[in-house]
1. So in region 29-42, with the set limited to residues that are among the hydroxyl-bearing types (Ser, Thr, Tyr) and assigned to a helix (DSSP H, G or I), which one is least open to solvent (accessible area, probe 1.4 Å)?
2. What residue, of Thr250, Thr226, Thr274, is among the polar types (S, T, N, Q) and under 28 Å from Pro63 (Cβ atoms)?
3. For region 248-344, please list each of the helices (runs of 4 or more DSSP H) lying entirely inside it that holds at least 2 residues being surrounded by fewer than 13 Cβ atoms within 10 Å (Cβ to Cβ).
4. Show the residue pairs meeting these rules: Cβ distance below 7 Å; 6+ apart or different chains; first residue within region 152-172 and closer than 14 Å to Ser223 by Cα; second residue among the small types (Gly, Ala, Ser) and at pLDDT 90 or above.
5. Please find, within region 224-249, the residue that is modelled with the highest pLDDT out of those that are polar (S, T, N, Q) and closer than 19 Å to Leu188 by Cα.
6. Quick one: what pairs do we get from region 347-366, first residue modelled with pLDDT of 95 or more, second outside any helix (DSSP H, G or I) and of a type in the set (S, T, N, Q), C-beta under 8 Å, 6+ apart or different chains?
7. Of (1) open to solvent by less than 20 Å² (accessible area, probe 1.4 Å); (2) more than 21 Å from Val337 (Cβ to Cβ); (3) at pLDDT below 95; (4) in contact with a helix residue (DSSP H, G or I) (Cβ under 7 Å, 6 or more places away or on another chain), Arg3 satisfies all except one. Which?
8. Within the set of pairs 6+ apart or on separate chains, which have a first residue in region 283-299 that is of a type in the set (Phe, Trp, Tyr), a second that is surrounded by fewer than 17 Cβ atoms within 10 Å (Cβ to Cβ), and C-beta atoms under 8 Å apart?
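The values are calculated or read from the model by the stated rules, or taken from the named source; none is laboratory data. All values derive from a computational prediction rather than experimental measurement. Neighbour counts are summed over all protein chains in view; Cβ atoms, including those assigned to glycine, are modelled from backbone coordinates with ideal geometry. Note: areas computed on protein heavy atoms with side chains; ligands, DNA, RNA excluded. Shrake-Rupley method; radii C 1.70, N 1.55, O 1.52, S 1.80 Å.
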Amino acid sequence: MKRSHAIALLIILTLFALGFRTAYNKVTRTTIQADARQYAFYAYNLYKYGVYSSEENTTNPKPDSFRSPGYPLFLELTMMVSGVKGFFDTARLWQAVLSSLMVPLVFLLGIRLGSGDRIALVASALTAASPHLVTLSSYILTEILFGFLALMAFVLFVETVRRKSIVWAALTGIVSGFAYLTNEVYLLLPFLMVMYMFFIEKKVIESKKNPNTSLRKGRGFISLATVIIVSFLIFPAAWTIRNGSKTISTEHTGTSRALITMASGSYPGFIYKTPKFKYFSYREDPLFREFTSSPKMFLQIFWKRFRERPFRYFIWYTLEKPYYTWSWNILQGAGDVYIYPVKQSLFMTNSLANGIRIIMKVTHPMLMAACLAGFLLFLWQTWKGNISTKDKMIARLFVFMLYFTLMYAIFAPWPRYSVPFRPIFYLTASWSIAGFFVLSKHRFRDNHAVDGVKIS
């Protein structure tokens, strides 16, 4: 396929994505409740009083640190543009745009990692059609902003390695910093990026053919790594210093929210005792308040429960939680692709939109299987020593996905949390399917070789 044809198709897919999302937002109405309500009041208090607080209906809100500030700052910008009354529609419009921009970003990431135009276009098409990315653009929740920033940071990192540029390294760190402020689970990813960069550059640095060039590139790597980490650490450092102030509430902190999330995700099968409270197990756990009171108490109670059923907990954390993280159905919510209930949506009123939802739902388990099989294929090819340079580059996708899979295995495996990474998920699945196709094609040729000559 000619690159010009691929770009033309990419533009069509991006416009389709934007039209799909804006049409959904126009038809679908939802209320601001639960987490969304907190984010809205954080933004309102920032806009009205210049105070980062989730307190409602007060003229003197007390600052807290329960939720990360990135998304409320985004909402505050919408209030500056449209006022408090118009911020909801403005935020949804901006989120539709950001969600649509993931389409060209995942294409760029794919071709930079050597996937080829076709695979990158397939991932872009799946991103454009993803019902979860469509519905999340209508909610006042962090997922779309976080997904855009995480994907942008990943693309910038790949460009940094490719260009060996200090400017690109600084941009990588800065965008990573905003991603962290949107969702603090991002914290360790920049360090993994730097470690992987070292792995890529290692052979160059240790080259014996031209030690002077190796030394220069080694110094260049150290410079890039330093710029990424330093420019990134400014953000968590500033947030930590702010939270250390005596004026900040000690009742609602990020630590308490992390403990609540970890405890909520600790019940095997999402059940404490009875299925009646499945997905909301904390409601019948008499020790939940104590369970989330401090890291020490969490570890004590968790360890006691783990010793009572070690095998069940082992299966839960190693197999079930990763599966649920990437599964289709929004579990702790309205179900299917909906987090909060909607009386009417585009998927209910438009047969074409609903047809796309059904197709994506049916193929989702196959894409999950492809991602897992692709990871196992990559490990097998690496062990055999016959992995190509392009496949080594694609390995960055597995590092990205493994990181967030492990993080949500520690916390709560709600499928909603994996929606920001659906573009990476689609690119990984597309690469995996193509990899197995090429492998089976080569095996077919090998099996049909005659007199040492392979049949083409």
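1. Checking each candidate, the answer is Tyr42.
2. On the way: Thr226 fails: under 28 Å from Pro63 (Cβ atoms); Thr274 fails: under 28 Å from Pro63 (Cβ atoms).
Being among the polar types (S, T, N, Q) and under 28 Å from Pro63 (Cβ atoms) holds for just one of Thr250, Thr226, Thr274, which is Thr250.
3. Details: elements: 254-264, 288-291, 295-308, 310-315, 321-326.
Hits in region 248-344: 295-308, 310-315.
4. As it stands, the answer is Thr160/Ala169; Ala170/Ser231; Thr172/Ala153, since those pairs meet every condition given.
5. Keep residues of region 224-249 that are polar (S, T, N, Q), which gives 226, 231, 240, 243, 245, 247, 249.
Filter once more, so that each one left must be closer than 19 Å to Leu188 by Cα: 226, 231, 240.
Working: Thr226: 92, Ser231: 97, Thr240: 93.
For region 224-249, the residue satisfying everything is Ser231.
6. Filtered contacts from region 347-366: Met360/Ser130; His364/Ser327.
7. Just one mismatch for Arg3, condition (1).
8. Phe291/Met297; Phe291/Phe302
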